[in-house]
1. Looking at (1) within 20 Å of B:Arg81 (Cβ to Cβ); (2) without any contact (Cβ under 8 Å) to a residue 60 or more places away in the chain, can you tell me which one A:Tyr2 breaks?
2. Looking at the stretch A:67-86, I want the residues that are at positive phi and have a partner that is open to solvent by less than 70 Å² (accessible area, probe 1.4 Å) with Cβ atoms under 6 Å, at least 6 apart or on another chain. Which pairs are those?
3. For the stretch A:1-90, which strands (runs of 3 or more DSSP E) that fit wholly inside it have 2 or more residues that are open to solvent by less than 80 Å² (accessible area, probe 1.4 Å) and within 7 Å of another protein chain (Cβ to nearest Cβ)?
Number of protein chains: 2
Amino acid sequence: MYVLITYDVATGEDGGERRLRRVAKTCVKYGQRVQCSVFECLLDPAQYELLKHELAEIIDKEKDSLLFYNLGKNWKRRVERLGANDAYDPEGLLLI
Amino acid sequence: MYVLITYDVATGEDGGERRLRRVAKTCVKYGQRVQCSVFECLLDPAQYELLKHELAEIIDKEKDSLLFYNLGKNWKRRVERLGANDAYDPEGLLLI
């Protein structure tokens, strides 16, 4: 499954900047940053549950917001990119 | 169709703040802000094309990024919200 994760962290509060860094650091383990607070992740169901759990442990549920959008198998048909986007295809060939 | 729009605008540049305001103002006409730079919009195909066109006219394609994710009809099954989110159901009852 292809999952989009977007987040808003209340950085004006104590510990906000640290939570923001930890959220991004966690998402980087699972996928690709496509915008400042937006990640695209190719996950199996177990990874998805683990990622949600890890992020839930980091955020302040009163002040921060996390949104998960499961784009499913045919995610490529669902996404349109406009402007300065590094096209990213997690299933594409990795040329080394 | 239910479309998610996320954007990053280069506000450190000339005119960036103005572009950011105009992008948000345009998105507000079509849907609901769910995070700082994230909107959810319930659109028909014609509205979707119009919105994309309006936004394309505003952004600097070299510096700004716009991403559109079409979540389709069954969008409710695709979204999970964690933390400080005002649950929003564009198809829900509006109690006046």
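The values are calculated or read from the model by the stated rules, or taken from the named source; none is laboratory data. Bear in mind that the values here come from a model prediction, so they are computed numbers and not experimental data. With ideal geometry, Cβ positions are generated from the backbone for all residues, glycine too; neighbour counts draw on all protein chains shown. Surface accessibility is based on the protein's heavy atoms, side chains included, excluding ligands, DNA and RNA. Shrake-Rupley method; radii C 1.70, N 1.55, O 1.52, S 1.80 Å.
1. A:Tyr2 satisfies every listed condition except (2).
2. Every condition considered, the pairs that remain are A:Gly83/B:Ile59; A:Gly83/B:Asp64; A:Gly83/B:Ser65; A:Gly83/B:Leu66.
3. Per the criteria, A:2-8, A:31-35, A:65-72, A:79-83.
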